[in-house]
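What follows is a short report on a single structure.
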Amino acid sequence: LQKILILLQVTLSVVVGKTMMILFPNAMKRYILKMGEKSRMNRNPKFSYENWGPTFFSFKYLQFVLKVKWKRLEDEAYEGQAAPNTPVVTLGGEVCHLLDFMKDNRPLILNFGSCT
């Protein structure tokens, strides 16, 4: 049921977005560029609006958004329930799953940080 609701929501969003791009191309370009500012996409000199802007609200865009949203359904964590066994990538580039790091009955501690 959740997947059907997501399908309907994303499909409606793509149809409305594509219609708006046809009817109001300049306004939609400004809107998409604003979204690019938030993600800092437009700061990369190798990317111009012409490279990525027209891909918004395309069929490939629809497929990608659906894939991501459906995958996130599997990764939801709820208090008191088992942790999701999400895929992770090691520093060596190997893909494995989070719970692969569990040892016996010892707790698994995740430490998140960043280097800038």
Inset, instruction - Could you check LEU98 against (1) out of contact with any Ser or Thr (no Cβ under 9 Å at 6 or more places or on another chain); (2) at pLDDT 80 or above and say which number it fails? - result: (1)
Legend entry - LEU73 being in contact (Cβ under 8 Å) with a residue 60 or more places away in the chain, exposed (fewer than 13 other Cβ atoms within 10 Å of the Cβ), out of contact with any Gly (no Cβ under 7 Å at 6 or more places or on another chain) and not small (Gly, Ala, Ser): yes
Inset, instruction - Determine if the stretch 78-89 includes at least one residue that is over 26 Å from PHE112 (Cβ atoms) and open to solvent by 80 Å² or more (accessible area, probe 1.4 Å). - result: no
Legend entry - Scope the stretch 45-69; condition aromatic (Phe, Trp, Tyr), at pLDDT 85 or above and open to solvent by 50 Å² or more (accessible area, probe 1.4 Å); matching residues: PHE59, TYR61, PHE64
Inset, instruction - For PHE101, state whether it is open to solvent by 80 Å² or more (accessible area, probe 1.4 Å), in contact with a Leu (Cβ under 7 Å, 6 or more places away or on another chain), without any contact (Cβ under 8 Å) to a residue 60 or more places away in the chain and not small (Gly, Ala, Ser). - result: yes
Inset, instruction - Would you mind stating whether PHE112 is hydrophobic (A, V, I, L, M, F, W, C), modelled with pLDDT under 85 and in a loop (DSSP other than H, G, I, E, B)? - result: yes
Inset, instruction - Would you tally the residues in the stretch 1-30 being exposed (fewer than 14 other Cβ atoms within 10 Å of the Cβ) and part of a helix (DSSP H, G or I)? - result: 17
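The values are calculated or read from the model by the stated rules, or taken from the named source; none is laboratory data. Bear in mind the structure is a predicted one, so any value in this text is a computation, not a measurement. As a convention, Cβ positions derive from the backbone with ideal geometry for all residues, glycine included, and neighbour counts pool all protein chains shown. Please note that ligands, DNA and RNA were not included when accessible areas were found on the heavy atoms of the full protein model with its side chains. Shrake-Rupley method; radii C 1.70, N 1.55, O 1.52, S 1.80 Å.
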